[in-house]
Amino acid sequence: MKNVLRRPRYPVSFLLVLAFLAASLAFAAPAARAADPLVSFGPVTVADGTARLSGNVGMSPALVADLMLNGKPVGVGSDGRFTANVDLHGKTAVAVSYTNPLTEHVTSLSVPIADLAGLNLPQLPNTLDGGPVSFGGQILNRDQLAGLTVNGVDALSLVGPDGLLSIPLMEGVREVTTVLTDPHGNVTTSTFRVLELFTTPAGTAISARTASGIRFSSMLFFTKGAQRTHRVKLKVVVRDQNGYLVRGLKVKVKSVPGGKLRAGKYDLKTGTAGRATFSLKPKARAFGKKLTMKATAATALSKAQKTKSTKLPRRSGRH
């Protein structure tokens, strides 16, 4: 997909944007929706894939212990209420588990976000060439909402008979805010950034400043010719939580333990294909032994690191 911020000629993918809208709508019902007879959820606020979730464990808090949401423990108050920040990691459900202290029985279940929301995430192409940046999707149960605005625009009135919604956004917009109102007047607000996406021969890429959930998907050594050049190539590839290549991200590498490399440039920015290639200069004593390198990178939303080793050939000649 083309750059959608600096030159907003191409629309943002429905699938990426609606993943967060679905998470917000999932808990916008007038009353708390029950995961099972004991655990219920109330409205949440979703921003950039992180949900601030609230709920309660019914009338018998003593029957719920060790409550976990997406694998992380959640504290339950004496009144049975709880709140937690849950990283959705692009998932469409929240994993819930707890233990009954009386029977020691463990309950595990998954709360489907899209099903609760009554939304269908359309499987549209990742590139929609031509036209402005847009926000949209499909609402299956319009009656669940009394109001829906997108960046202050009444969106509920724009929903078609088939539930489809598409709203063109103003040029240069960098953030989308949705405000949902249920029939009882409860309001849920969600905000997220417009993603900067690009089409590359290696696949779709995303700018580092709008990427989240970054990880090193590849870290490869190339030792061919190292005996002659006394240099080793190290290529790293960075992707985000949606699998997009991350471009313009500063990556640093260092030997572990330190002191095995000669002076060189060991911090680079990833290119259009999310890749950075380092020319490592091992010291003479490092040849013929194992070389371990640690790569690190960070955005305003996430950070990543990866460590990998290779066996260097024996050093020959002078350089």
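The values are calculated or read from the model by the stated rules, or taken from the named source; none is laboratory data. Worth saying up front: this structure is predicted, and the values here are computed from it rather than measured. We place every Cβ from the backbone using ideal geometry, glycine too, and count neighbours over all the protein chains shown. Please note that ligands, DNA and RNA were not included when accessible areas were found on the heavy atoms of the full protein model with its side chains. Shrake-Rupley method; radii C 1.70, N 1.55, O 1.52, S 1.80 Å.
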Self-check item: Over 18 Å between alpha carbons, listed pairs LYS72/LYS306; LYS235/LYS265; LYS252/LYS281; LYS269/LYS306
Solution: LYS72/LYS306
Quiz item: Say R0 is 41 Å: what FRET efficiency, to the nearest 0.05, do THR272 and VAL106 get from their beta-carbon distance?
Solution: 0.30
Self-check item: Pairwise Cα inverse-distance average, inverted: Kirkwood Rh of region 171-282 (Å)
Solution: 16.7 Å
Exercise. Please give the solvent-accessible surface of TYR266 in Å², to the nearest 10, using a probe radius of 1.4 Å with every protein chain present.
Key: 40 Å²
Quiz prompt | Heavy-atom accessible area ranking, 1.4 Å probe, most first, across MET68, MET219 | solution = MET68, MET219
